[in-house]
Structures are given as structure tokens and as C-alpha cells.
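The values are calculated or read from the model by the stated rules, or taken from the named source; none is laboratory data. Everything numeric here is computed off the predicted structure, so don't read it as measured data. Using ideal geometry, Cβ is built from the backbone for each residue, glycine included, and neighbour counts are taken over all protein chains shown. The accessibility values were calculated without ligands, DNA or RNA, using every heavy atom of the protein model including side chains. Shrake-Rupley method; radii C 1.70, N 1.55, O 1.52, S 1.80 Å.
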Amino acid sequence: MLRSLPRALWRPLPLSRAFCMPTADFRERVGLTKIIAEVGHVKSSKELNTLVKAGMSAGYFDVGEATVKDIKARIEAFKEFNGIEVHWMSRRDSEWHTAFRDSPAAILDARNFGGEPSAITSAAFDSGADYIIVNAQDAMDTANDLSKLAKEAEKEKKIDKKSGGEGVSTPLVMLSLGEAERGQEKAMQYANGFVTNQSTSEEAFKKAKDLSLPIIRELSLSPNQTHLSVQDIKLIKSTISGTDACDGLLLKRPRALEQFSAEATAEWLSDAMDAAKFSDSDAPLFWPKAPSNMVWTNPGEQNHRSPMPELEVIARATVAVTGESAAGLIVALSRSGNLADLLSKYRPGVSIVVFTDRLKASQRLSIRRGVRTITIDHKDVEALSDYERPAEALQIAKDLEWLHAGDKVVMVIAGEDIDPALTEESVSMRVVTMSDFDGPLFV
């Protein structure tokens with residue numbers, strides 16, 4: 001009787017689906033923990049391409065190592081690199097198009113700057129840095145200065161958002177949570193992320209975790225080695241296992257690497273990425289459970305509403321569906337990237353692949369745990385219909401070998417990607433199984 005059914009219904013399930021759990025190698029294909037490395041010595045796009053392929057998610061620039069002018073020039077050179085080129089063929093016009101994956105963020109560390117704070121803030125803004133790390137006493141002034149610079153720039157620059165314009169780019173403030181500082185708790189309200197280290201108190205770390213913003217753990221490794229030592233790798237693994245709230249690791253470059261090529265630095269990064277992937281693959285799957293006060297009540301009675309925004313409710317539910325359905329990947333279409341931020345907040349045990357037409361959103365998301373980005377040109381996105389966009393996104397992920405036949409995926413699409421008249425909160429979600437042929441099977 002089984003053989004009398006259509007082949008699509010009786011073909012054997014892959015082992016990972018039969019046991020209702022994504023395999024560890026599935027997660028290793030994409031990776032979860034982000035690696036941030038010093039790149040002040042890197043000058044060319046070719047070298048950056050090598051480092052990103054080795055596992056670097058963001059570049060780190062320490063203002064204490066050079067003048068403001070030099071740091072600004074280095075970041076500007078870094079920002080010319082948009083990510084690794086991806087060539088994909090649209091099934092609509094059978095033409096090749098170019099996209100970018102894994103666009104790295106530029107992070108400027110202003111903690112060791114001894115001059116006027118406004119000078120380094122202006123340098124961060126003018127160079128296009130994505131994040132600026134400051135101490136607690138400088139957080140409010142930095143945030144206010146950046147806001148003023150943004151308003152001045154908006155007056156001079158007219159942005160057509162309907163044609164894909166992103167508006168004025170403003171660096172986001174990352175707060176350093178070292179030893180207890182005066183005013184640290186108040187400074188948290190100005191932060192869009194945190195940098196922690198071994199001296200960060202448990203109380204400060206818990207407060208940062210509750211805010212659900214990106215948390216980067218700062219690690220100082222062996223200073224005079226071109227390859228990571230066994231102790232360094234153990235430190236990376238234990239940090240990921242012991243502090244599961246960290247989105248990424250900021251690895252200070254060993255001094256000896258300053259005189260070596262990008263290839264030598266890439267080997268060092270690759271070792272760090274392998275250590276992180278090993279710990280990621282052992283991480284337990286996680287999905288949120290709905291509190292009892294968020295379930296439907298009896299007909300005719302007032303239903304309890306969640307105090308969280310609707311977009312976050314959907315993101316939370318998406319992570320829950322991912323765990324319950326044993327999906328191995330989340331694919332999100334989101335122009336602003338806000339949906340991906342919320343998906344990462346609930347820390348799924350699988351990766352999140354985000355498709356967007358805004359390069360700045362991709363770079364900002366590069367430090368979010370488990371998030372990988374594909375930036376497609378706005379004109380290419382506009383040429384696709386509502387049905388074609390998710391299908392093309394899945395095919396690109398499959399061509400990159402981030403998806404294989406038989407993999408189960410949860411796809412979530414923000415309303416702005418479906419119809420310009422819809423708000424971002426108008427979200428659709430579905431579970432998809434990849435077939436042996438081009439395109440997905442929808443279930």
C-alpha cells in the first residue's frame with residue numbers, strides 16, 4: 001500500500017528529521033557565536049575577504065593605538081568592503097545578480113582616548129563606524145553628540161526611503177561593563193550593546209542580559225603567538241559554555257600577528273572559529289514557553305494581551321515553532337533588521353539567515369549571535385513578486401550550502417517585505433521543507 005502513494009509521500013525521511021532534531025553538523029554549517037578581531041593593520045578588500053571567510057564577523061579598532069585621523073582613515077577603508085560577493089541567478093529573468101553575505105561591522109573602541117570626547121565621536125560618525133565602545137561616564141555625552149550630528153546630517157541630506165534609502169547612518173553606543181563604575185546603571189539606558197570582561201560583576205551582567213541587547217565578551221589571548229595555544233582554545237570554549245548570553249567574542253590580536261600577513265591572521269581566526277563552533281554544536285536547543293497569562297480565555301471574556309510589542313510576540317513564537325517542529329534554520333526577510341534582532345534575543349539553538357536590501361542593517365546585525373546576512377540590491381528585490389522573494393531566498397541559501405535537501409526551515413517575513421502599504425509588524429510565518437529539486441516544498 002505504501003508504494004501506491006505518490007513518491008513525495010513515502011520517500012524516507014533524513015535521519016535528523018526522523019529523530020525530530022537538527023543534526024549538529026547543520027548548525028556547524030552556519031555557526032552561532034560571533035568572532036570580532038582587531039583589523040587596524042588590514043588595508044585591502046582582498047585581505048578582509050580572507051578574514052571574513054575565516055570567521056570574522058566584525059572589525060575592531062582601538063583609538064589608543066593610533067591618532068584620530070589614522071583611525072578614521074582605517075575605518076573608512078574598512079567600510080569600502082561590503083562583504084563576500086554572492087552571485088545568484090533569478091528564475092524570473094534567468095540573469096545573474098550580485099549580493100553580499102556576512103557584511104562585517106566596524107567597532108571603534110574609544111575607551112582609551114585621552115582627548116576631547118566630541119572629537120572621537122565625530123570621527124566615528126564621519127567614518128561610518130557601526131558601533132562605538134565607551135565607558136559609563138561618557139555614554140550620555142556620546143549618545144547626545146551622535147544625536148545632534150544625525151539631525152544636522154538629516155537637514156543636509158534628503159532620503160527617498162521608497163527607493164531603498166537608509167537615512168543617515170549613526171554609530172550605536174556600546175557600553176563597557178568592566179569593574180563597577182559610578183553611574184553605570186544610568187548609562188545603560190543609552191546603550192545599544194555591551195562589552196564585558198572578567199572583571200564584570202554578575203549583577204551588571206544580569207542587568208545587561210535582561211535588556212536583550214548584544215553582549216560581547218572581551219578576551220585577551222596569548223600575546224606572542226601566531227597560532228592559538230591549547231589554553232587559548234580552552235578559554236574560548238569555556239567562555240561560550242559558561243556565559244550563554246554572549247553574542248560574540250572580542251579577541252585581542254596577539255602582538256606577533258601585527259607583522260604577519262592576512263593569511264596568517266586568518267589561520268588564527270579560523271582556530272578561534274573552530275573552537276567556537278565546537279561549543280555551539282554542543283549547545284542545547286532552546287525555545288521559549290508561553291506564560292500562563294498569555295493563553296486564550298473562555299469565549300466572550302476579555303483576552304489577556306502580552307505587554308510586549310506585536311513584532312516581538314511573532315519573533316518569540318517563531319523561535320518556539322522552530323524548536324517544536326525540530327527545524328534546523330530560521331530564514332527571515334526583514335528590511336530594517338528589527339525582526340532579526342528580536343529573533344536573536346530569544347537565542348534559538350539554530351542559526352538565523354536574514355535577507356535584507358539595506359547594507360547598514362546587515363552590518364549592524366553582524367555581531368548578533370547566530371545571525372548571518374544576505375544583502376540584495378533594492379532594485380533586484382523590487383523586481384520579484386511577493387511569492388518569488390521567499391522562494392529565491394531559500395534557493396540562495398541552498399546554493400550557499402547553508403541548506404540541503406530534506407532540511408526543515410521556519411521562514412518569517414516582515415510586512416514591509418510583502419507590501420509597502422503594510423507595517424513591519426504584519427508578519428507571516430511558515431514551515432518549509434527543502435526538496436531535492438530547485439525550490440522548497442511548503443508544508
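Details
- Of residues in the range 143-182 being among the small types (Gly, Ala, Ser) and within 30 Å of residue 209 (Cα to Cα), the one modelled with the lowest pLDDT: 167
- Scanning the range 195-215 for residues that are more than 15 Å from residue 239 (Cβ to Cβ) and open to solvent by less than 60 Å² (accessible area, probe 1.4 Å) turns up 201, 204, 208, 212, 213, 214.
- Considering the range 324-385, there are no qualifying helices (runs of 4 or more DSSP H) wholly inside with 1 or more residues that are at positive phi, open to solvent by 10 Å² or more (accessible area, probe 1.4 Å) and touching a helix residue (DSSP H, G or I) at 6+ places or on another chain (Cβ under 8 Å).
- If you go through the range 386-410 and pick out every residue that is surrounded by 24 or more Cβ atoms within 10 Å (Cβ to Cβ) and in a loop (DSSP other than H, G, I, E, B), you end up with 2.
- Inspection of the range 251-263 identifies at least one residue that is at pLDDT 80 or above and open to solvent by less than 60 Å² (accessible area, probe 1.4 Å).
- Of all residues assigned to the range 86-94, at least one qualifies as being touching a Lys or Arg at 6+ places or on another chain (Cβ under 8 Å) and farther than 27 Å from residue 217 by Cβ.
- Out of 103, 122, sole residue that is buried (at least 18 other Cβ atoms within 10 Å of the Cβ) and either at pLDDT 90 or above or part of a helix (DSSP H, G or I) (or both): 103
- The single condition among (1) under 22 Å from residue 197 (Cα atoms); (2) surrounded by fewer than 21 Cβ atoms within 10 Å (Cβ to Cβ); (3) at pLDDT below 80 that residue 271 does not meet is (3).
To keep it simple, each residue is scored yes or no on (1) closer than 15 Å to residue 108 by Cα; (2) among the hydrophobic types (A, V, I, L, M, F, W, C); (3) touching a residue at least 40 places away in the same chain (Cβ under 8 Å).
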site: 52; (1), (2), (3): no, yes, yes
site: 59; (1), (2), (3): yes, no, yes
site: 72; (1), (2), (3): yes, no, yes
site: 75; (1), (2), (3): yes, yes, yes
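- Selection status of residue 82, touching a residue at least 40 places away in the same chain (Cβ under 8 Å), surrounded by 13 or more Cβ atoms within 10 Å (Cβ to Cβ) and polar (S, T, N, Q): yes
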